[in-house]
Amino acid sequence: MMTESEYLYAWLYYLIGAGLLIACWWYITRRIPWLEVRFMLRLVVSVAILVPWYTNTQQEYLSPAILIAAVELFFEGSTAFWRAGMPLLTALVVALAVSTLGFTVRWFLLRRKLESSTDSPVEA
């Protein structure tokens with residue numbers, strides 16, 4: 001059983017590692033020419049790494065959901081995967097939906113701005 005300080009240190013180490021991994025992924029995806037695709041790839045990796053879930057049903061400790069889902073998939077079978085896999089997939093879907101909505105609004109605003117700038121008469 002972990003003490004509270006060990007638990008906090010484990011999360012600290014994990015978040016430092018996750019930050020480094022996200023920074024590396026950010027660097028790898030920097031050359032993707034499409035802003036939307038680049039952002040979505042970065043978002044998926046960040047959400048997958050950072051979403052927490054309960055370590056087991058008897059404790060209140062949280063662990064990274066992707067690790068809990070992977071451990072339960074390999075050691076307990078595919079039905080146990082969904083205990084942490086469902087919140088992880090839900091977080092991914094919500095993040096992608098909000099991001100898509102944001103990019104859609106951005107696209108409409110840029111289109112409106114472009115149309116208004118081309119329609120205005122030029123003074124001579």
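Each value in this text was obtained by applying a stated rule to the coordinates, not by laboratory testing. Being a predicted model, the structure only gives us computed values, none of them experimental. Here the Cβ is made from the backbone with ideal geometry for all residues, glycine too, and neighbour counts use every protein chain on show.
For the structure I just gave you, tell me whether T90 is surrounded by 11 or more Cβ atoms within 10 Å (Cβ to Cβ), assigned to a helix (DSSP H, G or I) and among the polar types (S, T, N, Q). When the stated conditions are applied, T90 passes them. Assessment of the range 18-41 against the conditions (more than 12 Å from the chain's Cα centre (by Cα), surrounded by fewer than 11 Cβ atoms within 10 Å (Cβ to Cβ) and charged (D, E, K, R)) yields at least one matching residue. Considering V71, V44, which residue is over 23 Å from G102 (Cα atoms) and surrounded by fewer than 17 Cβ atoms within 10 Å (Cβ to Cβ)? Just a single option satisfies the conditions, and that option is V71.
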